[in-house]
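Chemist: Please see the structure below; I have some questions.
The values are calculated or read from the model by the stated rules, or taken from the named source; none is laboratory data. Since the model is a prediction, treat every value here as computed from it, not as a measurement. Positions of Cβ are generated from backbone atoms using ideal geometry, with glycine treated the same way; all protein chains shown enter the neighbour counts.
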Amino acid sequence: MIGREKPEATAVGFDRPLLLTARQDLVGYAGGLTGRAVLFSIAASSVLAVLLIFAFIIREAVPFLLRGNDAAAGLSLANLPTRLGELFGSDQWHPEASVAPEFGTLAILAGSLYVTVTALAVGVPVGLLTAVCLSDVVPFSVRQAVKPVVELLAAIPSVAYGFFAVLVLAPLIQKHLDVPTGTNVLNAGLILAVMAIPTIVSISEDALSAVGRDLREASYACGATRAETLLRVVIPAAHNGIIAAVLLGMMRAIGETMVVWMASGMAAQVPAPWWDLAQSVRTMTGTIAQEMGETVVGSPHYHALFVLGLVLLVFTFSLNLATETLLGRMRRQGGKKP
Amino acid sequence: MSMRTLKRLAVAVGVLAAGMAAAVAQGPAKALLVDGSTTVGPIADAFAEALMRKDPALSITVKKTGSGDGAKALVDGLCDIATMSRFMKDKECKAAVEKGFLPVAHAIAMDGVCVVVHPSNPVSGLTADQIRGIYAGRIANWKEVGGTDAPIVAISRDTSSGTYETFDGLVMKSEKMAAGVETVGSNPQMHVRVSTTPGAVGYVGLGFVDEKVKALTVNGIGPSKKAIASGVYPVSRPLFLFTRGYPELGSTIHTFCAFYLTEEGQEIIEAKGFVPLTNY
């Protein structure tokens with residue numbers, strides 16, 4: 001008995017005094033406080049970075065919005081309506097013209113829209129079907145092998161996709177669809193779809209898997225076939241995650257730069273007729289990437305590019321917020337039955 | 001402290017001060033500020049690099065803000081050399097004279113832009129007006145300029161490239177390009193697009209013309225080094241350095257402005273895709 005007590009006491013460390021001295025107390029308190037402060041500032045720095053990006057882009061965009069065509073004139077709110085009218089009321093983008101430069105962004109906004117919608121039209125069905133197939137159709141071992149391979153698509157650098165678009169896909173489109181130019185909406189849309197598919201597959205597969213086995217079995221027990229279970233039960237139950245997947249894929253498509261720069265043709269026009277996907281367009285990202293490099297700092301062109309950047313940022317930011325909300329709902333639903 | 005130590009100290013301080021004064025006096029003479037054209041910028045960059053490698057005490061800063069801003073900076077005394085892809089305008093010359101100096105031009109190279117099409121295209125030459133018509137959207141089919149019945153895919157460069165500036169100034173003459181004109185970001189990409197698109201027309205620097213694309217004659221004159229250097233080819237222009245008066249012989253400014261006359265300078269100009277005025 002006596003022999004056992006002693007080692008036990010030292011093992012738990014009861015030889016340390018329970019009462020701290022005032023100095024130890026202070027050191028411990030200060031240490032805890034510093035630790036919290038360091039961790040907080042690290043966490044806050046990324047939030048701060050986002051805020052600073054917003055502040056910087058707005059600061060650089062404002063001179064264009066508030067200044068008339070005279071570069072020397074001061075800023076004035078009175079110029080805002082005409083500037084907005086010019087930006088969003090015209091499709092003529094001639095920022096570097098020596099006589100009467102024009103800053104109409106309609107064609108560029110339309111270009112972003114065309115490319116993104118085409119990418120989603122191809123990528124969403126393919127991505128969703130792949131996700132359904134992986135989660136509910138093929139055996140688990142196949143899923144374990146295929147999913148990483150699909151996700152690997154996301155690891156290919158976008159400039160490699162761009163080269164593929166220009167060197168391989170563009171001549172193919174020209175030859176087989178018999179259109180004059182191969183760098184067009186279709187080309188950019190197809191490549192962007194391939195780039196968005198890993199995101200869509202990965203997240204919507206997660207959402208489908210998160211729908212519990214109990215729901216599926218309950219459905220089978222009611223006499224539903226496998227297809228009915230999938231379409232009427234599993235997919236509706238996973239809809240938040242699936243929509244989030246689509247939105248994330250959309251963000252990938254709308255924010256992608258290198259590929260659209262190389263594959264879209266970069267012609268600042270709205271396709272006419274509107275359904276002609278074989279025409280070249282130009283996107284916001286491509287325009288910024290192409291023109292920012294040598295633009296004279298402080299010129300209207302420079303600030304106009306920041307306005308485009310602001311539009312893009314607001315767009316992706318709101319998409320991101322929507323995705324976060326939906327993903328949050330999916331996570332909450334994962335635990336309890338809907 | 002003895003008298004001797006004091007003397008020694010005084011001498012040391014004197015030497016130090018003299019050294020610092022010399023360094024201060026030498027500093028500005030060895031620093032060179034170059035500002036101006038984005039087209040000439042790459043040549044100026046490479047010149048600066050080569051000269052600084054030869055003389056490590058030299059410090060040359062090259063800024064690329066555009067020909068107009070370069071001229072303005074030269075007149076205002078904000079730079080020593082202005083790089084310009086055009087000659088000074090009357091207004092700029094007048095401003096310089098009012099400031100008390102004569103702007104002196106040093107032509108250092110020629111810039112030529114070749115209009116290229118797919119090798120299968122039967123068209124072998126266009127006039128400058130026809131090219132302008134194509135890029136402005138007035139001519140949309142190859143049969144209008146003597147080719148087959150196929151739509152023209154006009155491809156231009158991004159507005160920030162010097163090649164675009166040259167083409168815009170010499171062919172478009174400030175007329176705006178049509179919205180349907182595609183743009184690419186580099187000479188190699190232009191080369192790829194034109195060589196893979198049968199209906200395409202584009203323009204590249206002379207260094208990018210090979211058997212995969214066909215260079216057209218412009219107003220009947222084919223692009224060759226000789227035609228560009230002699231200024232016969234219509235889409236060519238001289239590139240200038242401008243200084244405040246003719247630089248003092250042997251000064252850093254003079255070395256920089258005369259560097260194009262050296263063999264190394266010629267190699268740099270050729271490597272950057274321009275046509276040198278010398279022939280070694």
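Chemist: If I filter segment A:187-206 for residues that are out of contact with any Asp or Glu (no Cβ under 6 Å at 6 or more places or on another chain), within 14 Å of chain B (Cβ to nearest Cβ) and either more than 25 Å from A:V281 (Cβ to Cβ) or at pLDDT 90 or above (or both), do I get at least one hit?
Modeler: The answer is yes; a qualifying residue exists.
Chemist: Given the condition surrounded by fewer than 19 Cβ atoms within 10 Å (Cβ to Cβ), modelled with pLDDT of 90 or more and within 14 Å of chain B (Cβ to nearest Cβ), answer yes or no: does some residue in segment A:128-147 qualify?
Modeler: No: zero hits.
Chemist: So which of B:S160, B:S156 is of a type in the set (S, T, N, Q), facing chain A (nearest Cβ under 10 Å) and either touching a Leu at 6+ places or on another chain (Cβ under 6 Å) or assigned to a loop (DSSP other than H, G, I, E, B) (or both)?
Modeler: B:S160
Chemist: Return a yes/no flag: does segment A:269-277 have any residue that is assigned to a helix (DSSP H, G or I), in contact with a strand residue (DSSP E or B) (Cβ under 9 Å, 6 or more places away or on another chain) and within 14 Å of another protein chain (Cβ to nearest Cβ).
Modeler: Looking for residues that are assigned to a helix (DSSP H, G or I), in contact with a strand residue (DSSP E or B) (Cβ under 9 Å, 6 or more places away or on another chain) and within 14 Å of another protein chain (Cβ to nearest Cβ), one finds none in segment A:269-277, hence no.
Chemist: Follow-up. Looking at (1) in contact with a His (Cβ under 7 Å, 6 or more places away or on another chain); (2) more than 7 Å from chain A (Cβ to nearest Cβ); (3) part of a loop (DSSP other than H, G, I, E, B), can you tell me which one B:G147 breaks?
Modeler: Status for B:G147: all satisfied but (1).
Chemist: For segment A:228-245, what are the residues that are surrounded by fewer than 22 Cβ atoms within 10 Å (Cβ to Cβ) and under 17 Å from A:L120 (Cβ atoms)?
Modeler: A:H239, A:I243
Chemist: Next question. So which residues in segment B:160-200 are over 21 Å from A:G162 (Cα atoms) and aliphatic (A, V, I, L, M)?
Modeler: B:L170, B:V171, B:M172, B:M177, B:A178, B:A179
Chemist: Residue check: is B:S186 hydroxyl-bearing (S, T, Y) and surrounded by fewer than 19 Cβ atoms within 10 Å (Cβ to Cβ)?
Modeler: Yes; evaluated as a whole, the condition is true for this residue.
Chemist: Return the residues of segment B:163-174 that are surrounded by fewer than 19 Cβ atoms within 10 Å (Cβ to Cβ) and at the interface with another protein chain (Cβ under 9 Å from one of its Cβ atoms); say none if nothing qualifies.
Modeler: B:G169, B:S174 - these are the residues of segment B:163-174 that are surrounded by fewer than 19 Cβ atoms within 10 Å (Cβ to Cβ) and at the interface with another protein chain (Cβ under 9 Å from one of its Cβ atoms).
Chemist: Could you grab me the full set of residues in segment B:45-92 that are basic (K, R) and within 19 Å of B:E165 (Cβ to Cβ)?
Modeler: B:K63, B:K64, B:K72, B:R86, B:K89
Chemist: So A:V296 fits all but one of (1) within 14 Å of chain B (Cβ to nearest Cβ); (2) closer than 28 Å to A:V201 by Cβ; (3) without any contact (Cβ under 8 Å) to a residue 12 or more places away in the chain; what number is the exception?
Modeler: (2)
Chemist: Under the condition of being in contact with an Asp or Glu (Cβ under 7 Å, 6 or more places away or on another chain) and in a helix (DSSP H, G or I), which residue from segment A:278-293 is farthest from the other protein chains (Cβ to nearest Cβ)?
Modeler: The residue in question is A:T285.
Chemist: Could you give me the residue pairs with C-beta distances under 8 Å whose first residue belongs to segment B:175-199 and is basic (K, R), whose second residue is buried (at least 20 other Cβ atoms within 10 Å of the Cβ) wherever it lies, and which are 6+ apart or on separate chains?
Modeler: Listed pairs, sorted by first residue: B:R193/A:V166; B:R193/A:A170; B:R193/A:T183; B:R193/B:I155; B:R193/B:E182; B:R193/B:V184; B:R193/B:A200; B:R193/B:G202.
Chemist: Which of (1) at pLDDT 90 or above; (2) touching a helix residue (DSSP H, G or I) at 6+ places or on another chain (Cβ under 8 Å) does A:G223 not meet, given it meets every other one?
Modeler: Condition not satisfied by A:G223: (2).
Chemist: Quick check on segment A:97-111. Is at least one of its residues farther than 24 Å from A:V311 by Cβ, out of contact with any His (no Cβ under 7 Å at 6 or more places or on another chain) and not hydroxyl-bearing (S, T, Y)?
Modeler: For segment A:97-111, residues farther than 24 Å from A:V311 by Cβ, out of contact with any His (no Cβ under 7 Å at 6 or more places or on another chain) and not hydroxyl-bearing (S, T, Y): present.
Chemist: Of the conditions (1) of a type in the set (A, V, I, L, M); (2) outside any helix (DSSP H, G or I); (3) within 20 Å of the chain's Cα centre (by Cα), A:A224 clears all except one; give me its number.
Modeler: Just one mismatch for A:A224, condition (3).
Chemist: Considering each residue of segment B:183-201, count those that are more than 8 Å from chain A (Cβ to nearest Cβ) and under 15 Å from B:G273 (Cβ atoms), and give that number.
Modeler: 5
Chemist: Let me ask something else about it. Being closer than 25 Å to A:T283 by Cβ and in contact with a helix residue (DSSP H, G or I) (Cβ under 8 Å, 6 or more places away or on another chain) narrows it down to one residue among A:V132, A:V146, A:V115, A:V138; which is it?
Modeler: A:V115
Residues checked against (1) small (G, A, S); (2) over 21 Å from A:A154 (Cα atoms); (3) in the same structural domain as A:A160 (by TED's automatic domain parsing):
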residue	(1), (2), (3)
A:I197	no, no, yes
A:I200	no, no, yes
A:E205	no, no, yes
A:A210	yes, yes, yes
A:Y220	no, yes, yes
A:R226	no, yes, yes
A:L230	no, yes, yes
A:A237	yes, yes, yes
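Chemist: Quick check: is even one residue across segment A:319-335 under 24 Å from B:D158 (Cβ atoms), β-branched (V, I, T) and surrounded by fewer than 19 Cβ atoms within 10 Å (Cβ to Cβ)?
Modeler: There is no residue in segment A:319-335 that is under 24 Å from B:D158 (Cβ atoms), β-branched (V, I, T) and surrounded by fewer than 19 Cβ atoms within 10 Å (Cβ to Cβ).
Chemist: Which of the helices (runs of 4 or more DSSP H) contained wholly in segment B:163-280 include at least 3 residues that are closer than 30 Å to B:F101 by Cα?
Modeler: B:252-258, B:263-271
Chemist: Within segment A:148-180, how many residues are assigned to a helix (DSSP H, G or I), among the β-branched types (V, I, T) and more than 11 Å from chain B (Cβ to nearest Cβ)?
Modeler: The qualifying residues number 3.
Chemist: Kindly indicate the residue of segment B:130-144 that is in contact with a strand residue (DSSP E or B) (Cβ under 7 Å, 6 or more places away or on another chain), assigned to a helix (DSSP H, G or I) and of a type outside the set (S, T, Y) and also nearest to the other protein chains (Cβ to nearest Cβ) among those meeting that condition.
Modeler: Looking at the filtered set, the residue picked out is B:I134.
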